[in-house]
Amino acid sequence: MQPVIKVEPRALERLLEIRRQEPDADELGLVLAISGVSGTRYSYEMALMLLDPKPEGVHLEDHGGLTFIIPETDIENLRGAEVKMSRDLLNPGLVLENPNTPSPQIAAPGPLPELDGPIADRVVQVVTSVINPAIASHGGVAEVVAVEEGTVYVRLGGGCQGCGMATVTLSQGIESTLTQMVPEVKKVVDVTDHAHGTNPYYEQAKK
């Protein structure tokens, strides 16, 4: 089988650096899975996971010594995607560029909440009613710190604080959802102090 995804060399270097921080680094692969839909884009989960025993129902592919673990059900929706480093100097980190998009039926499984009030109020409504329930599955929570001239500043907590994949969550999930539901939002900036995160999502994924 041809490789499902591509990995930019700088992104691979960063991922290997994240893995080296784990005591059992050589035994870990990286799960890349579609976790849901945010607006008209997929949202993703990335986490380190033990390769032995081999998880069932997955496709394994090696990129520069790092094994990616991709659920078989996600292969076609991830085909051609590339893991890259963000070019945004204000929000550096890992991003996933995926040429595939959800079908309209998947993208809109139910009615979106009605929003009202100033931009800041609507941003908080989206974070509370849409984003936090979505990232709560791995213990994450997002808090709106400020909204200034179309830029939303958020602080991630719980499983998202200290997570090396937090930028993927931010760019592919939170930002895409907010820009779709609150048109005045142009950018989302992460102000989390990730250096002090406990990173429980990694531990959960390895059990």
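Just one of the numbered conditions (1) at pLDDT 80 or above; (2) touching a strand residue (DSSP E or B) at 6+ places or on another chain (Cβ under 8 Å); (3) closer than 20 Å to Ala33 by Cα is not true of Gly140; which one? It is condition (1) that Gly140 fails.
Conditions tested, residue by residue: (1) outside the structural domain of Gln21 (by TED's automatic domain parsing); (2) outside any strand (DSSP E or B); (3) modelled with pLDDT of 80 or more.
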| site | (1), (2), (3) |
| --- | --- |
| Ser129 | yes, yes, yes |
| Pro133 | yes, yes, no |
| Val145 | yes, no, yes |
| Leu156 | yes, no, no |
| Cys160 | yes, yes, no |
| Cys163 | yes, yes, no |
| Thr169 | yes, yes, no |
| Thr179 | yes, yes, yes |
| Gln204 | yes, yes, no |
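The condition of being of a type outside the set (Gly, Ala, Ser), without any contact (Cβ under 8 Å) to a residue 12 or more places away in the chain and either in a loop (DSSP other than H, G, I, E, B) or exposed (fewer than 15 other Cβ atoms within 10 Å of the Cβ) (or both) holds for only one of Glu56, Glu76, Glu22, that being Glu56.
A quick yes/no check of all residues on (1) among the charged types (D, E, K, R); (2) touching a strand residue (DSSP E or B) at 6+ places or on another chain (Cβ under 8 Å); (3) at positive phi:
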| residue | (1), (2), (3) |
| --- | --- |
| Arg14 | yes, yes, no |
| Arg20 | yes, no, no |
| Asp26 | yes, no, no |
| Val31 | no, yes, no |
| Ile70 | no, yes, no |
| Asp74 | yes, yes, no |
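The values are calculated or read from the model by the stated rules, or taken from the named source; none is laboratory data. Nothing here was measured: the structure is a model prediction, and the numbers come from that model. A quick note on method: Cβ atoms are made from the backbone with ideal geometry, for glycine too, and the neighbour counts reach across all protein chains shown.
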